[in-house]
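Scroll down for the structure; my scribbles are underneath it.
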Amino acid sequence: MTQTTDAAAPVQAPPARRSRVHRAWFVAAVTFVTIIGAAAFRSLPGLLIDPLHEDFGWSRGTIGAAVSINLALYGLTAPFAAALMDRFGIRKVVAVALTVIALGSGLTVWMTAAWQLLLCWGLLVGLGSGSMALAFAATVTNRWFTERRGLVSGILTAASASGQLIFLPLLSWMVESYDWRPAAVTVALAALAVVPFVWILLRDHPADVGLKPYGAKEFIPKPAPVTGAARRTLSVLSSAVRTGPFWLLAGTFAICGASTNGLIQTHFVPAAHDHGMPVTAAASLLAVIGVFDVVGTIASGWFTDRFEPRRLLAVYYALRGISLLFLPMLLGPSVQPPMIFFIVFYGLDWVATVPPTLALCREQYGEDSAIVFGWVLASHQVGAALIAFLGGVARDVFGTYNMVWYASGTLCAAAALMALVIRRSPAAVPALS
């Protein structure tokens with residue numbers, strides 16, 4: 001009987017493994033580190049506007065156009081990247097994307113004309129970063145987790161803010177003390193440094209290592225590669241645009257991008273510098289936003305697992321809009337307590353919108369939710385691109401950013417109302433009641 005028990009021991013191995021940390025959490029950790037490393041390129045655009053203006057004499061509108069192309073491609077590439085991950089796997093797509101980012105950022109040190117900025121920072125870095133967009137986090141979350149998805153999406157979204165926290169002070173110090181070129185090289189090296197971690201440690205699907213997704217009741221075989229990535233991406237879009245929730249989600253997320261990446265991330269540092277604040281101090285404030293962004297986004301993921309995501313979105317957008325209306329009164333040559341309050345408040349709300357938006361995409365569009373979210377993210381980046389460009393033009397024309405702050409605050413109020421009218425999916429009503 002003892003031998004029989006011993007022989008049967010391997011059968012009991014799977015239950016014994018339940019007490020260990022599920023492999024999904026290690027995949028999430030690698031994804032988190034990958035997004036942190038890639039976040040360096042998102043920390044740099046706001047620091048480049050004044051140095052490039054002084055170095056080459058390019059207008060802020062021209063520099064803003066390069067950032068605008070970058071942000072637009074960041075979003076427009078995302079849905080295709082999600083489909084490519086279904087076709088070729090997460091590792092290959094992300095590794096190539098990081099390499100393209102490094103190439104685009106590294107080549108900027110030799111540019112002499114504005115079109116080269118548009119090509120390198122706009123096109124190459126935009127395409128690479130789009131493949132590293134939140135669709136990457138959505139794909140990992142959907143494949144590896146059936147429980148705690150809100151929390152995981154919040155943690156992975158916060159990774160970008162963590163990267164901003166790490167790189168912004170360093171890059172601003174480089175730009176202020178030396179030049180913008182060492183900062184561009186640092187971005188390229190940071191992207192390249194992450195490639196080995198992705199290739200060695202990341203896995204495409206739980207079935208690759210013989211596991212069920214975290215929280216799943218049954219083993220899920222790895223699906224066959226999906227051919228026709230572009231066709232599938234456009235097909236999903238064609239179906240989604242026939243539904244009302246898609247337009248509401250896309251509209252609210254466009255305003256989200258306009259009021260974060262396009263506005264604060266791109267124009268806060270030069271706007272604060274207009275009021276006499278040192279660049280390093282303004283960049284440090286952006287880094288502090290990154291600190292509280294981590295807290296706010298993870299908390300938002302936790303809230304999304306427990307509360308109605310529509311109401312969460314309405315609250316987030318309303319609070320963001322109110323804070324932007326007060327910002328022009330807070331800018332000055334030094335950092336005062338009201339400005340610190342704004343930074344903390346805004347940081348908590350920075351991308352807190354992502355977990356509930358992801359949850360609504362999953363609720364409405366099921367297995368196609370990662371691609372649909374990619375298209376929703378595209379609208380986010382189109383909104384960001386418009387404000388990145390128009391903000392620079394407004395500064396050139398009016399000599400101040402005040403008009404942009406007020407317009408963005410008003411748009412956030414509209415987003416709050418839009419979030420409240422997103423209908424529930426019939427299948428989701430019992431689970432939420």
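The values are calculated or read from the model by the stated rules, or taken from the named source; none is laboratory data. All of these numbers come straight from a predicted model, not from anything done at the bench. All Cβ positions, even for glycine, are placed from backbone atoms using ideal geometry, and neighbour counts span all protein chains on display. All accessible areas refer to the heavy atoms of the entire protein, side chains included, with ligands and DNA or RNA removed. Shrake-Rupley method; radii C 1.70, N 1.55, O 1.52, S 1.80 Å.
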Check: How many residues does the range 216-238 hold that are surrounded by 14 or more Cβ atoms within 10 Å (Cβ to Cβ) and in a helix (DSSP H, G or I)?
Finding: 7
Margin query: Please go through the range 153-211 and give me each residue that is in a loop (DSSP other than H, G, I, E, B) and surrounded by 16 or more Cβ atoms within 10 Å (Cβ to Cβ), ordered by number.
Written below: Leu202, Arg203, Asp204, His205, Leu211
Check: So which of Gly122, Gly75, Gly130 ends up being open to solvent by less than 10 Å² (accessible area, probe 1.4 Å), touching a His at 6+ places or on another chain (Cβ under 8 Å) and in a helix (DSSP H, G or I)?
Finding: Gly75
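Okay, residues lined up against (1) of a type in the set (A, V, I, L, M, F, W, C); (2) under 23 Å from Gly75 (Cα atoms); (3) surrounded by fewer than 21 Cβ atoms within 10 Å (Cβ to Cβ):
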| residue | (1), (2), (3) |
| --- | --- |
| Ser259 | no, yes, no |
| Ala281 | yes, no, yes |
| Asp293 | no, yes, no |
| Thr297 | no, yes, no |
| Gly301 | no, yes, no |
| Arg306 | no, no, yes |
| Leu313 | yes, yes, no |
| Leu319 | yes, no, yes |
Next item on the list: Would you check if there is a residue in the range 134-143 being buried (at least 21 other Cβ atoms within 10 Å of the Cβ), at negative phi, among the β-branched types (Val, Ile, Thr) and out of contact with any Lys or Arg (no Cβ under 6 Å at 6 or more places or on another chain)?
Entry: yes
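Okay, residues lined up against (1) in contact (Cβ under 8 Å) with a residue 60 or more places away in the chain; (2) in a helix (DSSP H, G or I); (3) not β-branched (Val, Ile, Thr):
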| position | (1), (2), (3) |
| --- | --- |
| Val335 | no, no, no |
| Ala359 | yes, yes, yes |
| Gly374 | yes, yes, yes |
| Phe389 | yes, yes, yes |
| Thr400 | yes, no, no |
| Ser408 | yes, yes, yes |
| Cys412 | yes, yes, yes |
| Ala415 | yes, yes, yes |
Check: Within the range 90-107, is there a residue that is assigned to a helix (DSSP H, G or I), modelled with pLDDT under 85 and in contact with a His (Cβ under 6 Å, 6 or more places away or on another chain)?
Finding: no
Notebook entry, point to check: If you check every pair at least six apart or on different chains, which have Cβ atoms under 7 Å apart with a residue in the range 101-115 that is closer than 17 Å to Ser59 by Cα first and a residue that is open to solvent by 20 Å² or more (accessible area, probe 1.4 Å) and in a helix (DSSP H, G or I) second?
Noted result: Ala114/Thr62
Notebook entry, point to check: Which of the residues belonging to the range 340-378 are among the hydroxyl-bearing types (Ser, Thr, Tyr) and open to solvent by 20 Å² or more (accessible area, probe 1.4 Å)?
Noted result: Tyr365
